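> Structure provided below as structure tokens; questions to follow.
The values are calculated or read from the model by the stated rules, or taken from the named source; none is laboratory data. These figures come from a predicted structure and were not determined experimentally. Counting neighbours? That spans all protein chains shown, and the Cβs are built from the backbone with ideal geometry, glycine included. Areas reflect the complete protein model, heavy atoms only, side chains present, ligands, DNA and RNA absent. Shrake-Rupley method; radii C 1.70, N 1.55, O 1.52, S 1.80 Å.
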Amino acid sequence: MSIFRYVPHLVATLGLALPLTGSHLARQAIGVTDTVMVGWYGVDPLAAVVLATSFFFILFMLGSGYGIGVMGVIATAKARGDQTEVRRATRMALWLSAVHSVIVLPLMWFSGAILLKLGQKPEIAAYAQEYLRIMCWAMAPALWGLTLNSFLAALGRANIVLLITMAGIPLNMLLNWMLIFGNLGAPELGVAGSAIASLVVNIFQLVLMVVCAITLREARPFNLLRRMWHPDWAAFRTIGLLGLPVGLTLVAESGMFVGTNVMMGWLGSHYLAAHGIALQLASIAFMIHLGLSNAVTIRVGTFAGQEDRSGMRDSGVAAIVLSILFAAVTITIFLTLSRQIAALYLDAGDPLTPTIIALVGGLMIYAAMFQLADGMQVIALGMLRGVQDTRVPMVMAVISYWVVGLPTGWFLAFRAGWGAGGLWLGLLAGLFCAAVLLMTRFWRGLARGWTIAREPR
């Protein structure tokens with residue numbers, strides 16, 4: 001068959017992925033702003049925010065499965081012309097997100113004691129708890145925003161999501177500048193000021209998302225808020241069983257990174273600061289692959305709803321090709337510009353700055369090594385979510401990240417004596433294992449014929 005049959009899929013996937021990637025990058029830019037500005041405030045506050053944001057992130061990932069998992073359900077239901085199922089699934093994803101936010105609140109409130117048990121320095125743990133006691137109130141707005149993000153993207157309005165996310169960047173920068181350093185008459189709050197800024201931005205973005213979800217022409221027919229407070233236990237159970245494995249899969253991966261953060265803290269705060277910068281640069285690159293993953297979830301889910309296996313296959317190939325191309329670009333950047341980029345995060349007058357920049361430069365070599373594996377595993381997850389296959393991928397992720405990745409990193413770092421580089425090689429091992437297992441599952445399942453049952457009414 002001619003390779004030209006893939007061109008429409010490449011164009012459609014890229015067209016859908018670009019605004020989704022842009023929104024992920026814009027969201028990441030908010031995190032980068034926090035890290036950079038707190039880094040200007042001090043090395044210990046920077047190390048604390050690296051830990052605190054990782055702590056928040058892993059709990060957010062656990063709850064995000066409902067908002068992410070519902071994307072494939074919406075795409076499939078929309079392809080079948082089932083407006084009721086779209087509304088029910090989205091509404092119950094919002095409910096589940098709220099339940100999760102309440103459950104995890106005590107963990108953030110008492111995070112200082114948890115971090116001390118994990119071997120962190122008392123001053124770092126205190127800063128981190130100060131941050132998380134404010135950010136615990138941002139969990140629900142962040143998860144609701146993610147669910148509405150999936151709703152709007154599946155309706156073809158990912159551009160709106162991008163614009164809303166981008167609107168938060170200047171607001172976050174202004175609030176950080178005021179509240180971290182005490183500018184424009186605001187109190188100097190340091191780490192707490194950064195947390196307040198993030199909370200306000202999350203609420204601001206949620207309000208805009210809600211307005212769009214009920215007023216846009218594409219969204220109005222679904223009447224999303226109709227009977228919003230009425231329980232729908234069948235849909236609640238369906239989305240819960242679909243979304244929880246998605247969240248656990250994300251936790252398995254992000255938990256590997258958080259575990260690496262904790263172990264890096266054992267090496268010293270300057271290692272942790274360098275690791276946080278390198279990991280954030282790698283995360284920025286990952287947002288491109290994540291946008292492609294979201295796009296292929298919608299594309300595969302749509303073709304699954306139409307029972308078009310050829311379309312499912314070709315859209316998957318298109319996403320893989322695009323991910324490889326973007327990985328080649330980011331690898332080049334990481335190997336040539338990492339030190340210059342790292343210098344932007346730190347105060348040039350701090351005596352530790354040259355040491356941290358040198359450490360970042362070394363770690364970015366490892367980050368470049370795992371770009372392809374990271375892209376492939378998240379594309380595979382996106383394709384599997386498109387066919388609403390989440391439970392077996394969860395098991396594969398746990399094995400890859402916790403049985404292979406994290407123990408490998410610990411052994412290489414602290415038994416083989418490879419230090420920080422050994423921890424990053426462990427990350428590479430986990431990502432590579434996940435990529436192989438998940439890709440194999442999707443293509444074998446496609447050969448056997450994926451089927452998606454309708455949700456019972």
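> Residues to consider are Tyr127, Tyr131; find the one that is more than 25 Å from His230 (Cβ to Cβ), modelled with pLDDT of 90 or more and of a type in the set (Phe, Trp, Tyr).
Tyr131
> Suppose we filter Thr355, Thr330 for residues that are in contact with a helix residue (DSSP H, G or I) (Cβ under 8 Å, 6 or more places away or on another chain), surrounded by 22 or more Cβ atoms within 10 Å (Cβ to Cβ) and in a helix (DSSP H, G or I); which single one remains?
Thr330
> Have a look at Thr302, Thr336, Thr297 and point out the one that is loosely packed, with under 14 Cβ neighbours inside 10 Å and either part of a helix (DSSP H, G or I) or in contact (Cβ under 8 Å) with a residue 24 or more places away in the chain (or both).
Only one candidate qualifies: Thr336.
> Is one or more of the residues making up region 119-133 under 16 Å from the mean Cα position of the chain (by Cα), open to solvent by less than 50 Å² (accessible area, probe 1.4 Å) and of a type outside the set (S, T, N, Q)?
So far as region 119-133 goes, no, none of its residues is under 16 Å from the mean Cα position of the chain (by Cα), open to solvent by less than 50 Å² (accessible area, probe 1.4 Å) and of a type outside the set (S, T, N, Q).
> Would you confirm, using the coordinates I've provided, whether Ile124 is touching a residue at least 12 places away in the same chain (Cβ under 8 Å), of a type in the set (Val, Ile, Thr) and over 30 Å from Ile160 (Cβ atoms)?
yes
> Just to be sure before I move on: is Ile74 hydrophobic (A, V, I, L, M, F, W, C), under 18 Å from Gln388 (Cα atoms) and either modelled with pLDDT of 90 or more or surrounded by fewer than 20 Cβ atoms within 10 Å (Cβ to Cβ) (or both) in the structure I sent?
Here the answer is yes, as Ile74 does meet what is asked.
> Do we have Val360 as open to solvent by less than 10 Å² (accessible area, probe 1.4 Å) and more than 20 Å from the chain's Cα centre (by Cα) here?
Taking the combined requirement at face value, the residue satisfies it.
> Residue check: is Phe55 in contact with a Leu (Cβ under 8 Å, 6 or more places away or on another chain) and either farther than 29 Å from Ile298 by Cβ or open to solvent by less than 10 Å² (accessible area, probe 1.4 Å) (or both)?
yes
> Return the pair list, or none, for Cβ contacts closer than 8 Å from residues in region 21-34 that are more than 20 Å from Gly375 (Cα to Cα) to residues that are hydrophobic (A, V, I, L, M, F, W, C), at least 6 apart or on different chains.
What qualifies is Ile30/Ile169; Ile30/Val201; Val32/Ile284; Thr33/Ile169; Thr33/Met173; Asp34/Val49; Asp34/Ala197.
> Would you check which residues across region 1-41 are farther than 30 Å from Ala273 by Cβ, of a type outside the set (A, V, I, L, M) and open to solvent by less than 40 Å² (accessible area, probe 1.4 Å) and list them?
Once the filter is applied, which keeps residues that are farther than 30 Å from Ala273 by Cβ, of a type outside the set (A, V, I, L, M) and open to solvent by less than 40 Å² (accessible area, probe 1.4 Å), region 1-41 yields His9, Thr13, Pro19.
> I'd like the full set of residues that are more than 30 Å from Arg227 (Cβ to Cβ), open to solvent by 20 Å² or more (accessible area, probe 1.4 Å) and in contact (Cβ under 8 Å) with a residue 60 or more places away in the chain, limited to region 89-118.
Leu118
> Are any residues in region 164-194 surrounded by fewer than 16 Cβ atoms within 10 Å (Cβ to Cβ), on the phi < 0 side of the Ramachandran plot and not charged (D, E, K, R), and if so, which ones?
Matches in region 164-194: Ala167, Pro170, Leu171, Leu174, Asn183, Ala186, Pro187.
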